[in-house]
Amino acid sequence: MFFDNHTHSTFSPDARTTVEESIAYAVSHGLSGIAFTDHLDLDAPARDNEFKFSIAQQQQEIEHCSHLLHESSQRVVCREAEITKLQVFKGIEVGLQPGSLGKIREYVKGFDFDVVIGSVHFVEHLDPYMQTYYEGKDYKRAYSGALEAICKTAFEYRDFDILGHYDYITRYRNYPCRSITLAEFGDYMEPLLKFLAESGKALEINTNTYRERFGGTPVLDLNILKRFKELGGEALSFGSDAHDAFRLGESFEFYAEVVKKCGFTHLAYYKDRKPHFYKI
């Protein structure tokens, strides 16, 4: 029943599943839709050429596999698809960095997407995954730096549908606090949530964030979801951020119950850059 709006294929350098393999897994596990949102991170620190890909080739592969899925009666996956009616969407995850926004616009110009995710992966031109970013910072300073980067770039770029993993920064360091909370980081989250609500953009529940890493597990602050709804936010997006097929749709059932408790009855998916809502 769920749509997974944030997934990666081998068009992303850090992913280990092909478009075809992910589609097959999505069908066999009952997903209603899957969007391929491969990485575009221009000016990635120390890895400038790794996090960009041929959009034309990616979209051609998505179209090819989608055609096989729905048209070829000789493939088992396609026979199953007649039952599941899996929808396949063309997307991209643009990595937002100050100084790179104009380059992003130029890179994606001329391509049509179903969905665009705007995310921040690098802060102060450092990669939090590599740990250098955290040196000399307590959690408040580290998290604030990431949230400041999100606000600055998201407010300026704007050409995205879903704000990806706003709490990404909590994944890779075992601080005593592993959560972006409204109480502690409201100076950043309040204007960010207001911007998303007023512009009709989606807030993402990225289930990949809430896995154990570095000796701890980040926690989703439900007050952020409640405040988003209070501000008029309607679009919540579920994304597994899967880099392996077996993580598609991971923990969606659990977080569906969580968001219901926060007053949401529907989730969003995107086609032709427009939100569509389905009941949970």
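The numbers here are math on the coordinates, done by the rules we state, and not lab data. Keep in mind that this is a model prediction, so the values were computed, not measured. Note that each Cβ is placed from the backbone with ideal geometry, even for glycine, and that neighbours are counted across all protein chains shown.
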- Here the alpha-carbon Rg of the range 1-160 over 2.2 N^0.38 Å rounds to 1.17
- Distance in Å, no decimals, from the C-alpha centre of the range 194-270 to the one of the range 93-137 is 20 Å
- 3J(HN,Hα) from dihedral phi, the range 197-214, Karplus parametrisation 6.51/-1.76/1.60, rounded to Hz, x for glycine, proline: 5, 6, 9, x, 8, 9, 9, 8, 9, 9, 6, 5, 5, 8, 10, 5, 8, 6
- Message: For Cα pairs less than 8 Å apart in space and 6+ apart in sequence, what is the mean separation divided by the residue count of the range 3-279, i.e. the relative contact order in percent?
- Response: 21 percent
- Item | Amide H contacts under 5 Å for ASP127, placed H, 5+ residues apart | TYR133
- Pairs beyond 21 Å (Cα-Cα), from LYS90/LYS194; LYS109/LYS274; LYS140/LYS201; LYS152/LYS201; LYS194/LYS271: LYS90/LYS194; LYS140/LYS201; LYS194/LYS271
- Task: Determine ³J(HN,Hα), in whole Hz, for all residues of the range 133-139 in sequence, where each value follows from phi through the Karplus function 6.51 cos²θ - 1.76 cosθ + 1.60 and θ = phi - 60°; x replaces Gly and Pro.
- Result: 4, 7, 4, x, 10, 7, 5
- Under 5 Å, built H, 5+ apart or other chain: amide partners of ALA235: LEU203
- Item | Acute angle (nearest 10 degrees) that the helix 252-261 long axis makes with the longest principal axis of the chain, alpha-carbon atoms | 50 degrees
- Query: When the Kirkwood radius is taken over all Cα pairs of the chain, what Stokes-Einstein diffusion coefficient follows at 37 °C and 0.692 mPa s, in µm²/s?
  - Reply: 173 µm²/s
- Å³ per residue of the Cα convex hull, for the range 172-233? 82 Å³
- Message: Loop-only chymotrypsin sites (Phe, Trp or Tyr not before Pro) in the range 200-229, please: DSSP not H, G, I, E or B, and at most 15 other Cβ atoms within 10 Å.
- Response: PHE214
- Task: Once you have a ≥ b ≥ c as the square roots of the Cα gyration tensor eigenvalues for the range 136-219, tell me rounded if a/c is under 1.5, and otherwise prolate or oblate according to whether a/b is larger than b/c.
- Result: prolate
- Give a residue-ordered list of calculated ³J(HN,Hα) values for the range 264-275 (Karplus: 6.51 cos²θ - 1.76 cosθ + 1.60, θ = phi - 60°; whole Hz; x for Gly, Pro). 8, 10, 9, 10, 10, 9, 10, 9, 6, 6, 10, x
